[in-house]
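This is the structure, below, for whatever I ask next.
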There are 2 protein chains.
Amino acid sequence: MNILISCDENYLRPLRVMLVSLFENTKNKYNIYLIHKNISDKKIEKLEDFVENISDNKSKLISIKVDALFMGAKTTFYYTEEMYYRLLAYKYLPENLGKILYLDPDILVLNSFEKLYNIDFKDNLFAAATHSAPAVQGANVTRLSLSSGYDDISNYFNSGILMINLNLARESENYEREVKKYIEESKSFGLLMPDQDLLNVVFRNNIISISELEYNYDARKFLFYKLKNKSWDLSYVMDNTKFLHFCGKRKPWFDEEYIGIFASLYKYFLKKADRIYKNIEDM
Amino acid sequence: MNILISCDENYLRPLRVMLVSLFENTKNKYNIYLIHKNISDKKIEKLEDFVENISDNKSKLISIKVDALFMGAKTTFYYTEEMYYRLLAYKYLPENLGKILYLDPDILVLNSFEKLYNIDFKDNLFAAATHSAPAVQGANVTRLSLSSGYDDISNYFNSGILMINLNLARESENYEREVKKYIEESKSFGLLMPDQDLLNVVFRNNIISISELEYNYDARKFLFYKLKNKSWDLSYVMDNTKFLHFCGKRKPWFDEEYIGIFASLYKYFLKKADRIYKNIEDM
């Protein structure tokens, strides 16, 4: 399976946590493509060792440094750089890759996700989940409809877990042009747009909606989900949720006051990842 | 290392969770002695397979059925049977075992515990931790002082994690007599005494006090501990706590409303243990 990740040096620690949970709780082999701008060679080497270690040498990390590629675009794409990496990944990934699963670093992988990986894209470019808290969802849809002028925006997808149809992206004539056009227009409005907006405006009709509880469970919203449906309890999460997403500003890896219901689980994997990494550093 | 466990069929599920966490988070080999009264041969066999599976065949379960041994004593020792197994374990364990660590089934093992296992007993029979919530501690000390008539009871030890000096127990002339005397006296008072009282009255001067936070962390009391000392946060637990004890009546393995801060961690191991067990059943 192909996994796409992207971060800077500040996110390497949660990235390692995500990777430990990936190998601990699923049994596949992975080619993990890390697209980045300025992570040092030394840190990349250690991360390669780390992936070999936690996968028993069965999976590997492939580093793709995009400095040269995006240098010219840097100022233009400042606010959407990360999203740009995700949406235009097909341009710098090996041409034989037909699809890839993008994963944010602030995630715990709890269960196997073959079904998502083998989803039938039909004519769609992506598969993603919306976050269903009505206020947030409604506000984003309204904001995007007003700012974009489109009246067919009905969902606001979270881009933290994104199944990408690379083949179709490569074949789509307008794909890259649409992305760039959107960025230029946003820039001309002088708006600081959240990265996700790009996905939700440009590709609003090209996304398959997948289950939020299974594939993009917002770790802050346990009680919200449980109020909606009593059976969506902790056992449900452990049995069904593939990706537990630690969305939002407060992050369990540096905030000791983060005491949500999934904090202990996160800290457990954090400790595990830190220890493995320390052993590699000591070698 | 020698581990002592004791339970009935109702506690086999949490017992498996404890065992999974033991092998997941420590690296030693164990001889696990299960003292029980009436667990079926079939279930014992499966548990043996389970231990072989999770330990990569490096550790083993040794079942000790005590039906015959205690049949006569059953009515007398009704209320203290479990504690009796613990305190008189040396009578039915192999004679060459010098020491053993007793562990309750309602525990997650988070870190290695060599230091406790290799504790210098000096002239003591046990090592155990008190639970420090002042109200509980005070009430138990007062209750025991009054009922026993001893004025030198100053601690109330939790018997859920108990390091036992088997050699000294075997050598102590009065040991078994004292245990039986206490039980007879309690019975004559017509009191329903908690199991732990026996340890705290009879052996009040033979217990080494060990760190509660490291060796018997009460999972219900995260906020209590943290109020006492700000640095006793989740990271502290993950780095330092060896045994996370799910004390009290509400248990995370059957109570979906149990949503304490360690609920997600417990459920994670519960799912893991259930899956491994199911695979063994399906074989």
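Counting only other chains, and only Cβ atoms inside 10 Å, what mean value do you get across the residues of B:220-229?
Details: counts 0, 0, 3, 1, 0, 0, 3, 0, 0, 0.
Going residue by residue through B:220-229 and averaging, the value is 1.
Still on this structure, please answer the following. What's the average, rounded to a whole number, of partner chain beta-carbon atoms within 10 Å of each residue's beta-carbon in A:234-242?
4
Something else now. Over region B:169-283, what relative contact order in percent results from Cα pairs under 8 Å that are six or more residues apart?
19 percent
Would you tally the net charge around A:Tyr30, using a Cβ to Cβ cut-off of less than 11 Å, leaving A:Tyr30 out, and scoring K and R as +1, D and E as -1?
Charge balance in the 11 Å sphere: +4.
If the label for B:Arg13 sits 7 angstrom from Cα along the Cα-to-Cβ line, what are its distances to the same label in every other copy, in nm to one decimal, shortest first?
3.7
Explain nothing, just the number: relative contact order of chain B, from Cα pairs under 8 Å at least 6 residues apart, as a whole percent.
23 percent
Then there's this: Considering only C-alpha atoms, what is the centroid distance from region A:1-17 to region B:31-51, in Å?
43 Å
Of all DSSP beta bridges located in the protein assembly as shown, what percent are antiparallel, nearest 5?
Of all bridge pairs located within the protein assembly as shown, approximately 40 percent are antiparallel.
For the residues A:Leu166, B:Leu265, what sequence is obtained by ranking on other C-beta atoms within 10 Å, fewest first?
Going from sparsest to densest Cβ surroundings: A:Leu166, B:Leu265.
Among the listed pairs A:Lys29/B:Lys115; A:Lys46/B:Lys251; A:Lys58/B:Lys278, which have their C-alpha atoms separated by more than 30 angstrom in this model? The partial results should precede the final answer.
Working: A:Lys29/B:Lys115 38 Å; A:Lys46/B:Lys251 41 Å; A:Lys58/B:Lys278 26 Å.
Listed pairs above 30 Å: A:Lys29/B:Lys115; A:Lys46/B:Lys251.
On to the next question. Is the shape of region B:141-283 rounded, prolate or oblate, going by the alpha carbon gyration tensor and its root eigenvalues a ≥ b ≥ c, with a/c under 1.5 for rounded and a/b larger than b/c for prolate? Display every interim value, and only then the final one.
Details: a/c = 2.02, a/b = 1.58, b/c = 1.28.
It is prolate, given that a/c is not under 1.5 and a/b is the larger ratio.
Net charge near B:Asn279, counting Lys/Arg +1 and Asp/Glu -1 over other residues with Cβ under 14 Å of its Cβ?
The answer is +2.
Considering only the label points, 7 Å along Cα→Cβ from Cα, what distances in nm to one decimal separate B:Asn38 from the same position in each other copy, shortest first?
7.1
I've got another one for you. Less than 16 Å apart at the alpha-carbon level, and either on another chain or at least 8 residues along: which lysines does that give for A:Lys181?
A:Lys74
Test of understanding: ordering B:Ser132, A:Ser6 by Cβ neighbours within 10 Å, fewest first, what list do you get? Can you show the working numbers first?
On the way: B:Ser132 16, A:Ser6 24.
Final ranking by Cβ density, sparse to dense: B:Ser132, A:Ser6.
Checking the table B:Lys27/B:Lys122; A:Lys91/A:Lys221; A:Lys43/A:Lys267 against a 29 Å threshold on Cα-Cα, which pairs fail? Working shown, then result.
Values: B:Lys27/B:Lys122 27 Å; A:Lys91/A:Lys221 36 Å; A:Lys43/A:Lys267 23 Å.
Violating the 29 Å limit, Cα to Cα: A:Lys91/A:Lys221.
Then there's this: Which aspartates and glutamates have a Cα less than 12 Å from the Cα of A:Lys60, not counting those fewer than 8 places away in the same chain?
Of all the aspartates and glutamates, those that pass the test against A:Lys60 - Cα under 12 Å, at least 8 places apart if same chain - are A:Glu45, A:Glu48, A:Asp49, A:Glu52.
How far is B:Lys278 from itself in the other copies, in nm, if each label sits 7 Å out from Cα along the Cα-Cβ line, shortest first?
Spacings between copies for this position, smallest first, are 3.5 nm.
Continuing with the same structure: Quantify how strongly other chains surround peptide B:258-266 by giving the mean number of their Cβ atoms within 10 Å of each of its Cβ atoms.
6
If one computes the Cα centroid of region B:199-256 and of region A:91-111, what distance in Å separates the two points?
Between the Cα centres of region B:199-256 and region A:91-111 lies a distance of 41 Å.
Hey, another quick one. Students often forget the sequence filter, so: which aspartates and glutamates lie under 12 Å Cα-Cα from B:Lys272 once same-chain residues fewer than 8 apart are removed?
List returned: A:Glu24, A:Asp239, B:Glu24.
Among B:Glu114, B:Glu212, what is the fewest-to-most ranking by other Cβ atoms within 10 Å?
Fewest-to-most Cβ neighbours within 10 Å comes out as B:Glu114, B:Glu212.
Quick note: the coordinates plus some simple rules give every number you see, no bench work behind them. Quantities reported herein were computed from a predicted structural model and do not represent experimental measurements. Every residue, glycine among them, receives a Cβ derived from its backbone with ideal geometry; neighbour counts consider all protein chains shown.
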